[in-house]
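Scroll down for the structure; my scribbles are underneath it.
The values are calculated or read from the model by the stated rules, or taken from the named source; none is laboratory data. Predicted, not measured: the structure shown is a model, and the values here were computed from it. Don't worry about glycine lacking a Cβ; one is built from the backbone with ideal geometry, like all the others, and counts go over all protein chains shown.
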Amino acid sequence: MSTTSTLRQRLYEHSLRVILDNQTESGAFLACPTMPDYQFSWFRDGAFIAYALTLDGDQVSRHYEGRMAAQWENVYRFHDWCAQTINARQAHLRRAAAAAHKGRTPDMNDILNARYSAKSEIGPAGWPEFQLDGPGMWLWSLQAFIQHIGYAPLPAAWEQAVINAADYLAALWRTPCYDCWEERGEDVHISTLGAIFAGLQAAEALVPSLNYTETREAIRRYVQEHGLTPGGELAKSVGLDMVDANLLSVAVPHGLFAPDDPTMRRTVARIERELHPTGSGVHRHLEDTYYGGGVWVLLALWLGWYYAEVGERDKALALLEWAEAQADADGNLPEQVNTVMLAPDGYQPWVEQRGTIANPLLWTHAKYIILCRKLNLVANQ
Ligand code: BGC
């Protein structure tokens, strides 16, 4: 084995360890164990963490001769936690959906929160909680899990949670909400619509009696009519001539557009031009000031995942290698690095407010596992 592949194998195993060590007894994954504001579980982060473990278990399970791989048990516990958390909000979610169907803005006490403690308690007030991408991503991740492990029938509580989440999303999809960065709560975000689209599609696969075809087609039309920039790229949000690296998700993994669709290609080209300094990571968007607006490791890995899907392996590998070089001496991967900042004055105020940049961030480690698996780089244990 070469030095690179030994180091890679070590970082891969450390990534698994970081994730598994930070799953709480309830099944929730803490976003980051070291930053107090992130010692909560998000559907969004968890969806990708669960997907990484799903892929990992897929390989390892061969050695388990048909028994559930340990990673899959962890994924199971996470999805079970999500299902319980969602079902506990059932009456609220139904009220929110009923309001949206009548053309009213739902009461913010009725929405599905973004951030929960390990015991499913909502995080302290003041957080931008109304985010519709998370439940969509959860549905996508649950379906990927069920498909990989061939698990049937769906436990009754999970089926109920799928219906609760999908009905809620189908009713609210056009309602402005915070995006996956927990910003711009007055806007409709194209990446959020991609996650909702994928979530509804997943719900249909999980519970065949559900049918959201009309809503999914309406979302697609809406994005084509309102979600493009004058240059023909996907827009960050309706009405903005701006891209955001989160638009990668519209294709990979959410599939609202094919990765090689010309619109997606134009979007990625603009992300490359504006948000990806040569040989570095990827900024979220040009107006980012969070911790100075550095380059995000998980976005570099996401761009790598996109390139892996379109068969541009060299580009994917270069991004993976850059991400690997950001690991600290313990092998921990952070949320972002501040070697290149869009708004350097923004860095210190955030350090004073929240402490140093989140590290390790479980979601980053998950993206690392996903890209290694997509590129077939890791030997099975
Ligand atoms: C990010 C979110 C993420 C959360 C926890 C926030 O700063 O913008 O996307 O879910 O951190 O990792």
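Of note:
- Filter pass, L333 being under 29 Å from S5 (Cβ atoms) and not in a loop (DSSP other than H, G, I, E, B): no
- Residue in the stretch 134-142 that is more than 16 Å from the ligand (Cβ to nearest atom) and not aliphatic (A, V, I, L, M) present: no
- Just one of the listed residues (A269, A258) is more than 16 Å from the ligand (Cβ to nearest atom), among the hydrophobic types (A, V, I, L, M, F, W, C) and closer than 22 Å to A202 by Cα, and it is A258.
- Each residue in the stretch 16-53 was checked for being touching a Lys or Arg at 6+ places or on another chain (Cβ under 8 Å) and either among the hydroxyl-bearing types (S, T, Y) or surrounded by fewer than 17 Cβ atoms within 10 Å (Cβ to Cβ) (or both), and 4 pass.
- Annotation note: of P124, P128, the sole residue that is at pLDDT 95 or above and not basic (K, R) is P128.
- All told, G126 meets the bar of being small (G, A, S) and under 24 Å from R174 (Cα atoms).
- Breaking point among (1) assigned to a helix (DSSP H, G or I); (2) surrounded by 21 or more Cβ atoms within 10 Å (Cβ to Cβ), for N359: (1)
One line per residue, one yes/no per condition, for (1) acidic (D, E); (2) within 13 Å of D179 (Cβ to Cβ):
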position: I219; (1), (2): no, no
position: L240; (1), (2): no, yes
position: D260; (1), (2): yes, no
position: V268; (1), (2): no, no
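- Summed over the stretch 288-317, residues that are part of a helix (DSSP H, G or I), among the small types (G, A, S) and touching a Gly at 6+ places or on another chain (Cβ under 8 Å) total 3.
- As a summary of the residue check, D56 satisfies the conditions (1) buried (at least 23 other Cβ atoms within 10 Å of the Cβ); (2) modelled with pLDDT of 95 or more except for the one numbered (2).
- Condition met for R184 (within 16 Å of the ligand (Cβ to nearest atom), at positive phi and either modelled with pLDDT of 95 or more or of a type in the set (D, E) (or both)): yes
- Selection count where residues are among the aliphatic types (A, V, I, L, M) and part of a loop (DSSP other than H, G, I, E, B), scope the stretch 268-287: 1
- Selection from the stretch 219-233 of residues that are of a type in the set (A, V, I, L, M) and touching a residue at least 40 places away in the same chain (Cβ under 8 Å): I219
- Some residue of the stretch 219-233 being part of a loop (DSSP other than H, G, I, E, B) and among the hydrophobic types (A, V, I, L, M, F, W, C): no
- Hits in the stretch 137-158 (condition: part of a helix (DSSP H, G or I), more than 10 Å from L206 (Cβ to Cβ) and free of Cβ contacts under 8 Å to residues at least 60 places away in the same chain): A156
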